[in-house]
Amino acid sequence: MRKRNHFLILLINLIFMSVCIGQQKELNPGVERWSIKTSLPKKSNKMTITLSELLALDNPIKSYSSREYGAKRIPNTVQKGLKEGDIVTSRGYLHLVALENDNVNHRDGDYHIQVRNTEEWKDSCLIVEVPYPDARFVANENLRAKCRVVRDFIKEKFLKGKEPGAANVMDHKMYVEITGQLFFDASHLKGNPRGKKGMKSYTCWEIHPVTAIKFVKK
């Protein structure tokens, strides 16, 4: 009986390991502006800004060329003197968490998060993202560590310790403070509004990568 139980436990562990390995193989680094969205500049300005102000920021460019900005931060400034690469801190209600999927080739492992000013489920959200903390995805070790802490917080506080699925909508919207790089997702400049589960974002600005998150009082 003991041998049989031992065999069953061993079999279950092998199945679990094979599933985990399979999931890891599905994850691959993205392509479009990948080196920008998974890194931080050596020097950057820091600013606390409201979510409303972030959502109203002008576009820094009118059209996107991967040749020009594929591996370079956009230097043009917008309101408040902000530009891509600045470190911003903002607050809002966290509504949705998803494991990012490009819908064509593979999952890039990012946590895709939708944040709004209110608890109501409506359009006009800010998208913030946290890269997969692996050396293939994030080159800098210190940034990887920060991403790991953020992802662990999200899993523990919002997802009962589990990885997000295609789109996990929060039953209870919690008010959080988020810090990270101001990033302009220029490849979506002329595309349809982004957002999952019918909640749209009408700006290409994001916080990506997120380097810190915590609960705060409204």
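Could you list all residues from region 30-59 that are in a loop (DSSP other than H, G, I, E, B) and buried (at least 17 other Cβ atoms within 10 Å of the Cβ)?
GLY30, ARG33, THR38, SER39, LEU40, ILE49, LEU57
Among the residues of region 182-207, how many are closer than 13 Å to LEU126 by Cβ, in contact with a helix residue (DSSP H, G or I) (Cβ under 7 Å, 6 or more places away or on another chain) and crowded, with 23+ Cβ neighbours inside 10 Å?
Qualifying residue count, region 182-207: 2.
Of everything in region 65-80, what is outside any loop (DSSP other than H, G, I, E, B) and closer than 18 Å to LEU55 by Cβ? Give them in sequence order.
Passing the criteria: GLN79, LYS80.
Does LEU182 satisfy the condition of being of a type outside the set (Phe, Trp, Tyr), at pLDDT 95 or above and more than 30 Å from ARG67 (Cα to Cα)?
no
Within 21 Å of VAL149 (Cβ to Cβ), of a type in the set (A, V, I, L, M) and at pLDDT 95 or above: which single residue out of ILE74, ILE87 fits that description?
ILE87
Here are the criteria: (1) under 13 Å from GLY92 (Cβ atoms); (2) modelled with pLDDT under 95; (3) outside any loop (DSSP other than H, G, I, E, B). Tell me which single one HIS172 does not satisfy.
So the condition that HIS172 fails would be (1).
The values are calculated or read from the model by the stated rules, or taken from the named source; none is laboratory data. The model shown is predicted, which means the values in this text are computed figures rather than measured ones. Positions of Cβ are generated from backbone atoms using ideal geometry, with glycine treated the same way; all protein chains shown enter the neighbour counts.
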